[in-house]
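Here is the structure we will look at.
Since every read-out is calculated from the coordinates, none of them should be taken as a lab result. These numbers come from a predicted model, not from an experiment. Note that we place each Cβ from the backbone using ideal geometry, even for glycine, and neighbour counts take in every protein chain shown.
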Amino acid sequence: RWTFGRRAAAPEGAMADDPPPEPSTAPPVDKVVVLLKATGDAPILKQNKFKITASDRFEKVVQFLTAQLKPQIGADGRVFVYLNSAFTPRYDEKVANLYAWHGVEGKLVVNYALQQAWG
């Protein structure tokens, strides 16, 4: 007889439907290199690459970007940010996690636009 839908018991603190955590192949990092890429008609920054503490939250990247673009967007302007030209991460996610999951060639690539570019 075949039995479908059975799973092994989940480790303590995990939900039965949660996927198992993936082992990290990269060593932990203290700093992450962030590469900012303009999208659409967004102005190109003079400083488009910087290092940020890995334990900082992504909102710190957005705050830095907003401060750099303030002369072009004004006080109430909005900046749209995307990782790898695809999606907007949660602002409370740690930069280290985003780098581990979506880092490309040793950098976390953040696209930015003044208008919504991707869904």
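Starting from the 7 Å offset along Cα-to-Cβ, what nm value, one decimal, do you get for the label separation of A38 and S85?
Distance between label points: 1.7 nm.
Between T66 and K94, what length in nm is gained on full extension when 0.36 nm per residue of separation is reduced by their alpha carbon distance?
Length difference between fully extended and current span is 8.2 nm.
Per 10 Å bin from zero, what fraction in whole % of the C-alpha pairs of the range 72-112 is there, up to the bin with the longest pair?
Once binned at 10 Å, the Cα pair distances of the range 72-112 give 26, 49, 21, 4.
Peptides 78-85, 41-48: what's the order by average Cβ count within 10 Å, highest mean first? Each step should come with its number before you reach the end.
Numbers: 78-85: 16.6, 41-48: 11.9.
Listed from highest to lowest mean packing, they are 78-85, 41-48.
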